Amino acid sequence: MSIQRRMASEFRTQCLPSPTTNDTAFISPTSNNSSASSGTRKRTRIPPPPSSTSGGRMTLFTLIYISLAVIILFLSPSAYADAIPLMLSTNATLKNGKEVYKEYVARGKHVDITCTAPVPDAELKWYRLVNGQPEDMDKVCGVPDVELSDRKKPPVHCKVNRDVKSDSVIIKLEIKRVRKEDNDTLGTVKDFRKYMCKANRGNNEGKKEVEVAERVSATRTFDHRGVMSLTVTEGEKLQIYCDIHGVNSSDFEGSNPKVELKWTKDGEDWNPYKFAGPEDIIKIGRVEETEKGKPYRSGYNITMAERDHRGFYTCSLVRRDDKYQSDQYAGPSLEKKDPDKSVEFTYYVRVKDKLGALWPFLGICGEVIILCAIILIYEKRKSKAELEESDTDGSPDQ
C-alpha cells in the first residue's frame, strides 16, 4: 500500500491542484496524552504538496498539445511529404538569404527557360502569375501571335515542350517574342513578369519562381542605317540623346533613384552648358512615355551647333534596383557593371562649317581659272613660235 500511496501522491502533485487550507487531512491515530482518556481524537493537518496549481495545469496542457500535434502529423500526408527539388536553367542570386531567379532578355527577343525535376513520373507545369493568380501556360501557348496577324503565317507566341527520361522530367517554356506592354485591344498581356514551375508526384510536390526582366539597352536614330554617327551643320539644331530600354518612369523619381545615368564626351564628363547658356539647351527626359512601352529618352536639345560639339558621346546607365550581391555582380556602380542591368552607347557627332560647301566650290573655280590660264599661255607661246617660223621661211636669202 505504501507504493500505491506514493504513486498517488506524485500524480496529485504533478497533475491535480493542491488542496487549500480549509481541506481536512488524514486523521492521526489516538495519542497517549490526556485527550485519549477523554475518548476524543485530535485532527492534524498535513501541509500541501510543494507543487503549485499553475505548474500542474501547464504540464497537463503540454501533454494534450503534444498529443494533438502527433495526431495531426500522422493524419496529414503533406506534413511528411518530401519536396521535389527543382532545377532551373537560370542562374540564381541571393537576396536576403533566399535564392532569386531572374532571366534578362531584350524586348521582342526570344527566351527559353528550362525546369528539371530529378525524379521519374513527375507532373511538371509552367504557370505565369497575372495579378498574383497562376495561369496554365499549356492553355496560353500554342496559338498564333495575334500581334503578328498581318503576316501570312504568323508564328506561335510561346510553346511548352516536355522531355520525359528514365530518371527525370524536363519542361521548357519558349517565348518567341517577348512583349513589353499589355494590349487591351488584342487582349494580350506583357511577358515581363514572374513564372512558376510546379511539380507533383503523389504526395510530393515542389515549385520555383523565375522572373523574366527586361535587359537594359540603348539606341538612337541615325542619318544612315548601320552608321554610328550623326552629321549637322554649324548653327543648326543638334539633338544628342539615347533611347534607353529596360527602365520605368518610377526608376528616375525620388531622392534615391534606381537608375544612375551620365554622359561623357571623348572619355571625360560632359558639361553641355560649357559652350552655351541654359536658354540655348533643353534637357530631354521623357519619362511619361515609358508607361506606354516606349523607351526612356535622355539627352539634350542644342539650338545652335558649334565646332566644339564634334566628338564621341557616350551614354552610360546602370540600373540599381537589385541591392544584393552575387558572384557575377558585385554591386551597382559604373566601374563594375552587370551586362543585364547596365549599358554604354557611343556614337560620333560631326559638325560641318556653315561655309563648308563654299570652299569646295571656290577650290573648283580656282582649279578652272588656273587650267584656263595654263591653256592660254600655252596657246600664246605656240602662236608666237609659229609666227617666227613663218617669217624665217619667207626671207630673200633663201
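The values are calculated or read from the model by the stated rules, or taken from the named source; none is laboratory data. For clarity, every value in this text was computed on a predicted model and none was experimentally measured. Every residue, glycine among them, receives a Cβ derived from its backbone with ideal geometry; neighbour counts consider all protein chains shown.
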Among 84, 113, the single one that is among the hydrophobic types (A, V, I, L, M, F, W, C), within 30 Å of residue 243 (Cα to Cα) and at pLDDT 80 or above is 113
How many residues does the stretch 99-127 hold that are under 19 Å from residue 205 (Cβ atoms), part of a strand (DSSP E or B) and either in contact with an Asp or Glu (Cβ under 8 Å, 6 or more places away or on another chain) or free of Cβ contacts under 8 Å to residues at least 24 places away in the same chain (or both)? 5
Within the stretch 123-135, the residues that are more than 23 Å from the chain's Cα centre (by Cα) and among the acidic types (Asp, Glu) are 123
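Going by the structure shown, is residue 150 surrounded by fewer than 18 Cβ atoms within 10 Å (Cβ to Cβ) and in contact with a strand residue (DSSP E or B) (Cβ under 9 Å, 6 or more places away or on another chain)?
Against the criterion (surrounded by fewer than 18 Cβ atoms within 10 Å (Cβ to Cβ) and in contact with a strand residue (DSSP E or B) (Cβ under 9 Å, 6 or more places away or on another chain)), residue 150 does not qualify.
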All but one of (1) surrounded by fewer than 13 Cβ atoms within 10 Å (Cβ to Cβ); (2) more than 22 Å from the chain's Cα centre (by Cα); (3) not in a strand (DSSP E or B) hold for residue 161; which doesn't? (3)
Flag if residue 219 is over 30 Å from residue 131 (Cβ atoms) and under 23 Å from the mean Cα position of the chain (by Cα): yes
When you look at residue 244, is it buried (at least 16 other Cβ atoms within 10 Å of the Cβ), modelled with pLDDT of 85 or more, assigned by TED's automatic domain parsing to the domain that holds residue 316 and within 27 Å of the chain's Cα centre (by Cα), yes or no? yes
Cross-chain or 6+ apart pairs with Cβ under 6 Å, the stretch 345-368 first and basic (Lys, Arg), then part of a loop (DSSP other than H, G, I, E, B) and surrounded by 10 or more Cβ atoms within 10 Å (Cβ to Cβ): 350/310; 354/234; 354/235
Can you spot a residue in the stretch 271-291 that is modelled with pLDDT under 90, over 30 Å from residue 184 (Cβ atoms) and among the small types (Gly, Ala, Ser)? yes
